[in-house]
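A short write-up of the structure that comes next.
The values are calculated or read from the model by the stated rules, or taken from the named source; none is laboratory data. Bear in mind the structure is a predicted one, so any value in this text is a computation, not a measurement. Glycine also receives a Cβ, built like all others from the backbone with ideal geometry; neighbour counts cover every protein chain displayed.
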Amino acid sequence: MKCEGCLKELSVLDSCRRYGVCLDCTEARHNAVLKRKCVCGNKKRESEIHKIGSRTWISCLRCLGQIKQLS
């Protein structure tokens, strides 16, 4: 089973928790919630462009934080 955030194989301890993400990605998601932006640095995985109303942005697939506000 692969991690949804970084696409690495999950360890035995991570797969026992029945979550789809590893501990490193879980910590990154927690930090992204606190800082309200992507905290991954070089490890970021950009998603496609999201749009709701007049707001468009690109988010990170690893931490689920916002990478760039387009409009």
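A few comments on the model shown:
- Residues satisfying the stated conditions in the stretch 30-50, i.e. polar (S, T, N, Q) and under 20 Å from Leu70 (Cβ atoms): Ser47
- Residues satisfying the stated conditions in the stretch 42-65, i.e. without any contact (Cβ under 8 Å) to a residue 12 or more places away in the chain, in contact with a strand residue (DSSP E or B) (Cβ under 9 Å, 6 or more places away or on another chain) and either acidic (Asp, Glu) or not in a strand (DSSP E or B) (or both): Glu48
- Residue list for the stretch 1-26, restricted to those being under 10 Å from the mean Cα position of the chain (by Cα), of a type outside the set (Ser, Thr, Tyr) and assigned to a helix (DSSP H, G or I): Cys25
- Reported count of residues in the stretch 32-57, each being under 19 Å from Leu7 (Cα atoms) and either within 9 Å of the chain's Cα centre (by Cα) or surrounded by 11 or more Cβ atoms within 10 Å (Cβ to Cβ) (or both), is 9.
- Of all residues in the stretch 1-32, exactly one satisfies the criterion of being more than 17 Å from Arg45 (Cβ to Cβ), in contact (Cβ under 8 Å) with a residue 12 or more places away in the chain and of a type in the set (A, V, I, L, M), namely Met1.
- Residues in the stretch 55-71 that are among the hydroxyl-bearing types (Ser, Thr, Tyr) and at pLDDT 95 or above: Thr56, Ser59.
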